[in-house]
4 protein chains.
Amino acid sequence: MSHTVAVSGASGYAGGEVLRLLIAHPEVEIGAITAHSNAGERLGALQPHLHALADRVLSETTAEVLSGHDVVFLALPHGASGALAAELESRSPGTLVIDAGADHRLESAQAWEQFYGSPHAGTWPYGLPELPGQRRQLEGASRIAVPGCYPTTCLLALAPGFTAGLLEAQDVVIVAATGTSGAGKSLKPHLLGSEVMGSMSPYGVGGGHRHTPEIEQGLSQAAGEPVTVSFTPTLAPMPRGILATATARIKPGVDAGRVRSAWEQAYAAEAFVHVLPEGQWPSTQSVLGSNHVVMQLAVDAHAGRVIVSAALDNLTKGTAGGAIQSMNLALGLAEQTGLNQQGTAP
Amino acid sequence: MSHTVAVSGASGYAGGEVLRLLIAHPEVEIGAITAHSNAGERLGALQPHLHALADRVLSETTAEVLSGHDVVFLALPHGASGALAAELESRSPGTLVIDAGADHRLESAQAWEQFYGSPHAGTWPYGLPELPGQRRQLEGASRIAVPGCYPTTCLLALAPGFTAGLLEAQDVVIVAATGTSGAGKSLKPHLLGSEVMGSMSPYGVGGGHRHTPEIEQGLSQAAGEPVTVSFTPTLAPMPRGILATATARIKPGVDAGRVRSAWEQAYAAEAFVHVLPEGQWPSTQSVLGSNHVVMQLAVDAHAGRVIVSAALDNLTKGTAGGAIQSMNLALGLAEQTGLNQQGTAP
Amino acid sequence: MSHTVAVSGASGYAGGEVLRLLIAHPEVEIGAITAHSNAGERLGALQPHLHALADRVLSETTAEVLSGHDVVFLALPHGASGALAAELESRSPGTLVIDAGADHRLESAQAWEQFYGSPHAGTWPYGLPELPGQRRQLEGASRIAVPGCYPTTCLLALAPGFTAGLLEAQDVVIVAATGTSGAGKSLKPHLLGSEVMGSMSPYGVGGGHRHTPEIEQGLSQAAGEPVTVSFTPTLAPMPRGILATATARIKPGVDAGRVRSAWEQAYAAEAFVHVLPEGQWPSTQSVLGSNHVVMQLAVDAHAGRVIVSAALDNLTKGTAGGAIQSMNLALGLAEQTGLNQQGTAP
Amino acid sequence: MSHTVAVSGASGYAGGEVLRLLIAHPEVEIGAITAHSNAGERLGALQPHLHALADRVLSETTAEVLSGHDVVFLALPHGASGALAAELESRSPGTLVIDAGADHRLESAQAWEQFYGSPHAGTWPYGLPELPGQRRQLEGASRIAVPGCYPTTCLLALAPGFTAGLLEAQDVVIVAATGTSGAGKSLKPHLLGSEVMGSMSPYGVGGGHRHTPEIEQGLSQAAGEPVTVSFTPTLAPMPRGILATATARIKPGVDAGRVRSAWEQAYAAEAFVHVLPEGQWPSTQSVLGSNHVVMQLAVDAHAGRVIVSAALDNLTKGTAGGAIQSMNLALGLAEQTGLNQQGTAP
């Protein structure tokens, strides 16, 4: 039986990717497609790669338009989904609401207010089923907060070591590179093609990046103690992809074999997360457009650290793919339904 | 009922793309995967984006290994498929053989010998169902020659005007840009990333390009008279995609409306070929990884020419997607089976 | 003796490139640097690559600020330089004014009005010294119209054949690819890095491109008769560079040797324009950041056409380098002064 | 008075960049240009961007050919310069020899043998004049070891903090991205344009990278105690540029103002190294083709770390520009001679 699905924010990159995956999903029927400033336009003019929906016209993003569907995806600027979700709750109580924005990810209202400067909208089940215990929370859920693309990468990279008690909670350092779609479709000079091609640059350096508390929240849960992270994001000359280099100090007496084994066991049963054979390194190209995550790790005995290198597609596993994987769990579908895309390479 | 399929040349770009699409195809089961110098290696080491087949090991490309499947894809260097196809015919007479190489595309043995310098292997049904009368030839076929990626683009761009008798057979000029995967995985200095990024360059200028006779063959069949083409390919700094700018002189008295109408009618019923609404221009990004073709056209009254701009993915519709579309026709499956991928953008 | 130079439009790509080259020019002293909406800002914030001028603050673009210099470069949106030039003439009569914009390039007021929709500002000496007779017009000039980057490429590509009377005036077809800096720094969605990387697309197809009349003007002067051009520009995923593929029908009885010889003789004495040895093809990377132009040509006897492939840097020889080369001639300096940059490759 | 200069390894990227800069250098005359497997070929065929030297033919790399020049640049594979330098010493005792390879950088013979597996050739003055006390060692030197491109970036990024005694010697973590030219011109599959465009990947993860001992050597000298570094290099989809994210723990009681001030003072008098104004972040594009280094730093009080982001061009300041800057010091020329190129942007 097919589920009806509505997608808001359909003119943006996250909304477009949700639609791309839904078109290939065998158990859903795409209902309302909405946007804000682009309401009334043909989808084909805004997302010319979505050939199957080229002639659909965008509706206005309102609770009225979105209500009545089995599932609603919110792909809105942060701060916008709280009120809309509340109105949806009253109008359309049985609807599964999946928020691809940041509003419902953080458990700490204080952290939310510090980094986003607005009242906290609440905390929803966190859509990263590969974290310990998380899959169960998503089965049958009616509200899902899709993790940020950076936190997805960083948590998958380091959680196994913290869960297994192998890593020290201090001095975690993560440097990640993202493709430009991670910065969205906004018209800013530094996002022009002329500026980004052939160039790498950092942004939000020094602890101010909004993804830091979300990364620390997940790693602290895995560790069972507060984890402190130095996180630096950089912008790379590619449209999609995240490559994270995540390092942490290994506790005294832990050897390389035990480290490797912790990661391999953590993901042995996972369909989308792969610890590569030794000697093979991840590349973002190998996961482009897919829900897969590839990683490799090495123990640097000299520096006393594990270094994990993890790659995923920020729009797929980092956003829309993770959202649909969570939707599958919430609806009782097989977790991989509609997500059999391989990477598109070269 | 599922069909068993074998893929040769699986370590290259064309073979990898055939596999990527077959993984998503609901009516096939992937059997032998073969290569030449990489036989014995894990597919995951050579095509790390094909997660579903990462642990498969490549066999040697021989008729023995390939025989016994319902379908065999040949993705081999030119000149290599003739003998192998002959041996397959005797060993495995019922097998559908689909040649993604050049060997069986040209009808003129003389043109083959002039451009390729070896004996002509014969002519097979041409796997471009959108050309007039071509779809019927593929239904139930047991041998299919997959068109080259440039000819696919150029023929789809100009055939409607020749079929409708609107264009002059002389002075056709086509300039096309291709991504680097069009040049294959061979280790040549000018294909290094350091050389191609940020750079455009032509190659094979002046009529010597091997795709010219194939383009002229198809346009001449559409026109019913010999068509002469000046074709210049260029290499663009992107992994995939072809953008062709194809121009031809309009016959006296033909107006712009009649021209536009010829193209729109030619593709009105096609699932994969789209004449865009006026004012919207094609981009290769919008078809990345998909079997779709987008085009736009304009009549330049000043120069007396129609200019058609057409974009497709050289590895998908230009090679592997076109091959699978033709396979579907030959096997009696719905033509779009397994080809519902949208473009991967941005 | 050093010449004082002012540069307007210094926050844009053309103005930035003029400054980059002036910094390396041994005979000039950089005076006023002006902009419009960015007046009052540090140049280092807008053009971070111009380390030598990082702490200079932009002035407002007015005739008052610009007057009193020996040379003024105008790098303004089209339509803006006419009035400013007139005011400069009265305030600062001895100043050499070099217009990098379109306003003073076209000789035909009618063509200007048709393509730009505003009154024609007049015609200035055309800053392309490699065209026959043009160098003399620039020596000692007090006003110079810098050619467009596309016309520079196309005229250098085809002028030798028309000057030598070898080409037919009808059915010239030119397809050119440009890097995104050719579209300027304006904030348009299709110029975002996410949209342009990995993608090629055409624009202004069908004769409507504003550079067509400028190309036809120059080729007609070379031919001594009206030349008609079909010109299609495309946008390539690179910041800089133009690769033009220019083709024209060869007159009956003209052989390949005579064709090659015409081009080689035309540029034998030129410092910046190079016909490459046979077998070597141009690439935009090989001229990046330099004032050089490289080209190769082939006669396609089958199609009866010459095909010329020419590459230059749209911001250097296509704009700022050409402007400074012309300035040198006007000031009586050696033509190559300050222009000894080689291409920056890889 | 002009100095004669010979360049070996002229067919590679480092050798090509040395030549590019020497062409613009007012105090040198380019003598022998040599290569190994490409000896006998036109430079124009191998380095088509070096228009000024296009017709020069490469000689064989031998001490005989190189001797008799005032300066010899060695841009050879590691392990190749030791014997050649020894032979040059006897044949041409007064010649300044500048080794752009790794052979003479490390002071520890043991570290050399561990990472390179061959006998240590000795230690030469280290060509990074911006390190404390280093400039004096280069003035009048007759042998110079050009630092590696990664060490140049990492040492400039962190040395000021160690020199000022503000940073802890343990737990330094550096993640750096380099353009593909950093991997040289070798024909390896993972360096093909099809593989690198749109993709990021790590390499040499886990302490095994050969640049680690060189980075530790320089930071330890600055700190006056042994510094341990976790260094991870990644490959970015661009031809040139390095962006390093370097982090270290701040000693207790050190505040952000003191940190910033240490960096600003360290480089206040430097012509090529720039601490950007607060709020402005470095990009590799802004230094492309120039000898400049830009950096920004932030104190992350939460994590107790300073994070320095530094960008340079791996072939210019990272190799050839640094080599020529050192040559200027050795020859008694002004340090900036011939190095006034600004970044080439966009």
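Each value in this text was obtained by applying a stated rule to the coordinates, not by laboratory testing. Here the structure is a predicted model, which means the values were calculated and not measured. Note that we place each Cβ from the backbone using ideal geometry, even for glycine, and neighbour counts take in every protein chain shown.
Structure data summary
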quantity	calculated
Considering only the protein assembly as shown, percent of DSSP beta bridges that pair antiparallel, nearest 5	50
Label distances, nm, A:Gln265 versus same residue in remaining copies, Cβ-directed 7 Å point	5.2, 7.1, 8.4
Most mobile of B:Trp112, B:Trp124, B:Trp281 in a GNM of chain B (Cα contacts under 10 Å)	B:Trp281
Semi-axis lengths, Å, region C:106-193, gyration tensor of Cα atoms, sqrt of 5 times eigenvalues	25, 20, 15
Cβ-defined net charge surrounding A:Ala145, 9 Å radius [Lys, Arg +1; Asp, Glu -1]	0
Highest to lowest packing among B:256-263, C:49-56, A:251-258, scored as the average C-beta count within 10 Å	C:49-56, B:256-263, A:251-258
Derived scalar couplings ³J(HN,Hα) [region D:48-59; Karplus, 6.51 cos²θ - 1.76 cosθ + 1.60; whole Hz; x for Gly, Pro]	x, 7, 8, 4, 5, 10, 4, 8, 6, 10, 6, 8
Förster radius 45 Å - calculated FRET efficiency between B:Gln110 and D:Thr337, Cβ distance, rounded to 0.05	0.10
Isotropic mean projected area of the C-alpha convex hull, region A:16-142 (nm²)	8.8
Translational diffusion coefficient (Stokes-Einstein; Kirkwood radius from C-alpha pairs) of the protein assembly as shown at 10 °C, 1.306 mPa s, in µm²/s	49
For a label point 7 Å along the Cα-to-beta-carbon line of D:His190, residues of region B:179-203 with backbone N under 15 Å	B:193
Pseudo-label separations to other copies for A:Ser118 - Cα-to-Cβ vector, 7 Å, nm	4.1, 6.1, 6.4
Rounded Å value of the spacing that divides the Cα centres of region D:91-158 and region B:263-341	57
Compactness of chain D as Cα Rg over 2.2 N^0.38 Å, two decimals	0.96
Cα gyration tensor shape of region A:1-78, rounded if a/c is under 1.5, else prolate or oblate by comparing a/b with b/c	oblate
Over chain A, relative contact order from alpha-carbon pairs under 8 Å, at least 6 apart, %	17
Mean-position separation - Cα centroids, region A:196-256 and region D:21-79, in angstrom	44
Cα-based convex hull, region B:210-346, per residue volume (Å³, whole number)	143
Cα centre as origin, Lys/Arg/Asp/Glu Cβ charges: the protein assembly as shown dipole, Debye	0
At 0.692 mPa s and 37 °C, Stokes D of region A:264-327 from Kirkwood alpha-carbon radius, µm² per second	261
12 Å tail of the calculated P(r), region C:51-101, as % of Cα pairs	64
Debye, to nearest 20: dipole size of chain B, +1 on Lys, Arg Cβ, -1 on Asp, Glu Cβ	460
Extreme residue, positive dipole direction of region C:150-314, given options C:Val308, C:Thr232, C:Ala164 (C-beta unit charges)	C:Thr232
Sum of side-chain charges, B:Val196 neighbourhood, beta-carbon under 12 Å (Lys, Arg +1; Asp, Glu -1)	-1
Net charge contributed by nearby residues that have their C-beta within less than 10 Å of D:Leu315 (K/R +1, D/E -1)	+1
Filter on D:Lys251/D:Lys317; A:Lys188/C:Lys185; A:Lys188/C:Lys188; B:Lys188/D:Lys185 - keep pairs with C-alpha separation over 20 Å	D:Lys251/D:Lys317
Dipole magnitude of region B:82-217, debye to nearest 20 (Cβ charges: Lys/Arg +1, Asp/Glu -1, about Cα centre)	320
At least 30 Å along the helix axis (C-alpha) and Kyte average at least -0.5, DSSP helices within chain A	none
